[in-house]
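Read the structure below first, then the notes.
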There are 4 protein chains.
Amino acid sequence: MTPEQLLPYIASVFNEMPFNKLIGLQVTRFDEEVAEVRFDWSAQLVGNPLQQILHGGVIASVLDVAGGLMAVSSALGRVSQVAPEQLHERFGKMSTIDIRTDYLRPGRGQQFTATARVIRAGNKVAVCRMELHNEQGIHIALGTGTYLVG
Amino acid sequence: MTPEQLLPYIASVFNEMPFNKLIGLQVTRFDEEVAEVRFDWSAQLVGNPLQQILHGGVIASVLDVAGGLMAVSSALGRVSQVAPEQLHERFGKMSTIDIRTDYLRPGRGQQFTATARVIRAGNKVAVCRMELHNEQGIHIALGTGTYLVG
Amino acid sequence: MTPEQLLPYIASVFNEMPFNKLIGLQVTRFDEEVAEVRFDWSAQLVGNPLQQILHGGVIASVLDVAGGLMAVSSALGRVSQVAPEQLHERFGKMSTIDIRTDYLRPGRGQQFTATARVIRAGNKVAVCRMELHNEQGIHIALGTGTYLVG
Amino acid sequence: MTPEQLLPYIASVFNEMPFNKLIGLQVTRFDEEVAEVRFDWSAQLVGNPLQQILHGGVIASVLDVAGGLMAVSSALGRVSQVAPEQLHERFGKMSTIDIRTDYLRPGRGQQFTATARVIRAGNKVAVCRMELHNEQGIHIALGTGTYLVG
């Protein structure tokens with residue numbers, strides 16, 4: 001698999017993860033700079049029904065997914081050529097170590113976009129910063145995630 | 001509403017939250033010491049399908065729910081008598097400020113139990129510590145959450 | 001005390017804090033957008049002597065100081081006129097609730113600058129993001145702090 | 001160096017770190033279960049002088065030191081015999097990745113004790129939980145630290 005094939009392949013793996021499908025996540029952009037994950041408002045994603053705002057767990061989930069994408073990209077980006085079987089093996093060893101989510105404003109909107117950027121790209125550990133905005137550009141949440149990548 | 005009625009009422013509000021129902025969360029214990037939230041393994045909660053382990057977002061969600069329960073309990077516990085309309089108003093002002101989740105072991109098992117305890121019970125802010133175990137007692141994750149309560 | 005007098009006064013309070021003096025911190029910029037705190041390399045700030053890099057605690061300290069400055073500024077900024085005795089009372093109630101520090105690169109350099117910006121400015125709680133760079137612009141650490149302000 | 005010599009040696013390295021000496025930290029217990037680090041009240045460790053309480057940075061520092069001790073112990077504990085030159089090399093690669101500190105109560109007291117326990121002991125990453133109490137057993141702060149160990 002060449003580097004050009006790698007990112008679309010990783011995006012498709014994330015899109016197919018059962019829980020990502022349950023929430024309705026879609027990887028809408030994914031390159032060496034930024035990962036972008038979107039989902040639409042849905043009644044089943046609500047926390048407090050009186051307020052009709054997103055459940056905090058949904059927000060934490062999408063931030064983790066966006067950060068995880070960039071962490072995987074950061075780790076595999078240095079590889080010029082990866083065999084598919086190697087990829088599976090390396091994927092299996094990658095995981096979130098810890099994540100902090102800061103809830104800034106109520107999760108109101110029609111469509112939500114999480115973005116992630118790598119701020120530490122190590123051989124073993126990657127750190128990413130993530131943000132969640134709605135379709136009006138309101139900044140809803142941010143996150144910092146530490147990922148095991150090697 | 002008397003204090004005796006309060007905790008079961010809060011638990012029912014959490015059980016009815018749409019996203020909590022989507023994941024299958026149930027409040028199974030809730031007193032002044034500890035909140036306990038359970039859910040069963042389900043294929044739709046999987047992250048990486050190769051490994052068949054819980055998605056990190058599911059773990060973050062249930063830890064936040066358990067912590068939120070104890071934060072609400074901590075804030076309302078000092079009130080001897082609360083009118084239902086007051087309760088709604090106070091509920092509406094309570095929210096997670098930030099949460100840290102540490103993933104310790106892969107999320108494997110049949111049934112998962114999150115527990116939460118209050119470690120700072122303030123008028124404005126409560127801090128809770130949460131843990132997730134599976135039915136074999138394996139410690140899967142832990143969390144620390146800061147909640148706005150007044 | 002007018003708003004024009006307020007920020008320099010707050011800066012002087014921080015500069016005079018005993019532990020800030022011990023480390024050698026100086027508030028070098030402080031307006032409604034950003035707080036900037038500097039300190040010079042010093043042998044007594046070293047952690048591991050084999051590596052001659054800053055102790056992690058020094059980095060966490062300066063990030064907390066920069067974030068605390070902006071949190072105080074955010075809370076007092078809405079007040080048009082504050083009597084000095086009020087200021088002391090409000091100061092006494094402000095405190096760091098929690099802080100996350102991410103160590104990105106070894107703390108090497110001659111002079112270090114921490115900057116802080118407010119990302120959530122509430123009546124009760126403020127959240128700030130902080131960064132530490134050395135004199136060459138190397139990004140050494142970042143932090144996210146939650147502060148009780150009212 | 002045998003395992004019996006290892007822990008006292010690591011403790012002495014920490015006791016000799018310049019910044020630890022500046023604060024007055026002493027490793028008072030260190031075995032495979034727990035690390036304990038103490039320091040006495042001192043006027044130069046004060047943050048807000050009106051309140052005469054410990055600076056948050058002092059608290060973050062001592063929690064990080066206690067956690068770092070246990071992380072090192074966790075990583076080296078599996079080695080039956082370590083040559084001193086190897087030890088230096090491995091030490092040099094160990095570092096704090098990130099740390100969260102929760103401030104629970106004002107830092108008042110005569111003597112303060114930080115304790116740390118390992119909650120994730122991996123080949124590459126260790127996670128520790130830390131607590132700070134004063135001489136009266138008042139729980140002042142807690143922390144969660146992620147450490148690179150291999």
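The values are calculated or read from the model by the stated rules, or taken from the named source; none is laboratory data. In this text, all values refer to a predicted model and were calculated from it rather than measured experimentally. Here the Cβ is made from the backbone with ideal geometry for all residues, glycine too, and neighbour counts use every protein chain on show. Keep in mind that these areas ignore ligands, DNA and RNA; they rest on the heavy atoms of the full protein, side chains included. Shrake-Rupley method; radii C 1.70, N 1.55, O 1.52, S 1.80 Å.
Quick look at the numbers
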quantity: Between the range D:1-71 and the range D:73-150, the alpha-carbon center distance in angstrom; calculated: 10 Å
quantity: Residues with amide H under 5 Å from that of B:Val46, placed H, sequence gap 5 or more; calculated: A:Phe19, B:His55
quantity: Ellipsoid equivalent to the range C:11-77 - semi-axes via the Cα gyration tensor, in Å; calculated: 25, 11, 9
quantity: Listed peptides C:53-63, D:101-111 by packing density, highest first (mean Cβ within 10 Å); calculated: C:53-63, D:101-111
quantity: Value of [θ]222 nm, deg cm²/dmol, for chain B, DSSP H segments ≥ 4, -39500 (n - 2.57) each, nearest 500; calculated: -10500 deg cm²/dmol
quantity: Percentage relative contact order, chain D, counting C-alpha pairs under 8 Å, at least six apart; calculated: 25 percent
quantity: Sparse-neighbourhood loop sites, GluC sites (Glu not before Pro) in the range D:1-53 - DSSP loop, at most 12 other Cβ within 10 angstrom; calculated: D:Glu16, D:Glu32, D:Glu33
quantity: Cα pair distances exceeding 39 angstrom across the protein assembly as shown, given as percent; calculated: 27 percent
quantity: Solvent-accessible heavy-atom area per residue, rounded to whole Å², over the range B:3-148 at 1.4 Å; calculated: 39 Å²
quantity: HN-Hα J in Hz across the range B:134-140 - Karplus 6.51, -1.76, 1.60, θ = phi - 60°, x for Gly and Pro; calculated: 9, 5, 9, x, 5, 7, 8
quantity: Entries of A:Lys124/C:Lys93; B:Lys93/C:Lys93; B:Lys21/C:Lys124; A:Lys93/B:Lys93 with Cα pairs more than 30 Å apart; calculated: A:Lys124/C:Lys93; B:Lys21/C:Lys124; A:Lys93/B:Lys93
quantity: In Å², nearest 10: area of B:Thr115 left accessible to a 1.4 Å probe; calculated: 40 Å²
quantity: Magnitude of the charge dipole, the protein assembly as shown, Cβ model with Lys/Arg +1 and Asp/Glu -1, debye to 20; calculated: 0 debye
quantity: Accessible area that becomes buried as B packs against A, both chains, 1.4 Å probe, Å², nearest 100; calculated: 2600 Å²
quantity: Ranked order, B:Thr2, A:Thr146 - accessible area, probe 1.4 Å, largest first; calculated: B:Thr2, A:Thr146
quantity: Peptide C:37-50, shielding by other chains (average Cβ, 10 Å cutoff); calculated: 4
quantity: Cβ neighbours within 10 Å from other chains - mean over B:64-72; calculated: 2
quantity: Long-range HN-HN contacts of C:Ala35 with modeled amide H, under 5 Å; calculated: C:Ala116
quantity: Within chain C: Cβ-based charge dipole about Cα centre, in debye rounded to nearest 20 (Lys, Arg +1; Asp, Glu -1); calculated: 320 debye
quantity: Fraction of the pair-distance distribution of chain C above 22 Å, Cα-Cα pairs, percent; calculated: 37 percent
quantity: 7 Å along Cα→Cβ, label-point gaps from A:Glu85 to other copies, nm, shortest first; calculated: 3.9, 7.1, 8.1
quantity: Closest-to-axis residue of chain B (Cβ criterion, axis taking B to D), whole Å; calculated: B:Arg100, 3
quantity: Under 19 Å from the D:Asn15 label point (7 Å along Cα→beta-carbon), backbone N, the range C:25-58; calculated: C:47-50
